[in-house]
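Only one structure is covered here, and it is reproduced in the block below.
No value in this document is a laboratory result; all are computed from the given coordinates. What you are looking at is a predicted structure, and each value in this text was computed from that prediction instead of being measured. Every residue, glycine as well, gets a Cβ built from its backbone with ideal geometry; the counts of neighbours run over all protein chains shown.
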């Protein structure tokens, strides 16, 4: 996983590879760190993700729930067709903000009112 970057009020985390058992654990740990840093509006750039299984889907669902409990949200962008189909099959595309690209994803989260700004992130 690449270091997080910050757009105004939104933290962007670029992901790559396969989000399966091990990858899902790494993703979950990374998102917990971001939440602990006070980042509650997070865009996951998934353009480098080639595979996503149920463990990864579970981590995404838990992260969205946590972000919303912190008055924020979670968005996905850059989905490859294979990953998009998996998310659509289990209707996660209706639970999560899914955007066509990074800028629309950041804009979607920037429109969500929150009590504090995410600030910058270093990983």
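Quick notes
- Bridges between two residues of the range 5-110, per DSSP, are antiparallel at a rate of about 15%.
- Using a cutoff of 8 angstrom between alpha carbon atoms and counting only pairs six or more residues apart, the relative contact order for the range 5-110 works out to 30 percent.
- Exposure proxy ranking for 7, 39, based on other Cβ atoms within 10 angstrom of each Cβ and starting from the fewest, stands as 7, 39.
- Scoring 78-85, 67-74 by mean Cβ neighbours within 10 Å over their residues and listing the highest first yields 67-74, 78-85.
- Highest-first arrangement of 32-38, 60-66, where packing means the average Cβ count within 10 Å: 60-66, 32-38
- Share antiparallel - DSSP beta bridges, the range 1-66, percent rounded to 5: 25 percent
- At full extension, residue 62 and residue 32 could sit 9.8 nm farther apart than now, given 0.36 nm per residue minus the alpha carbon distance.
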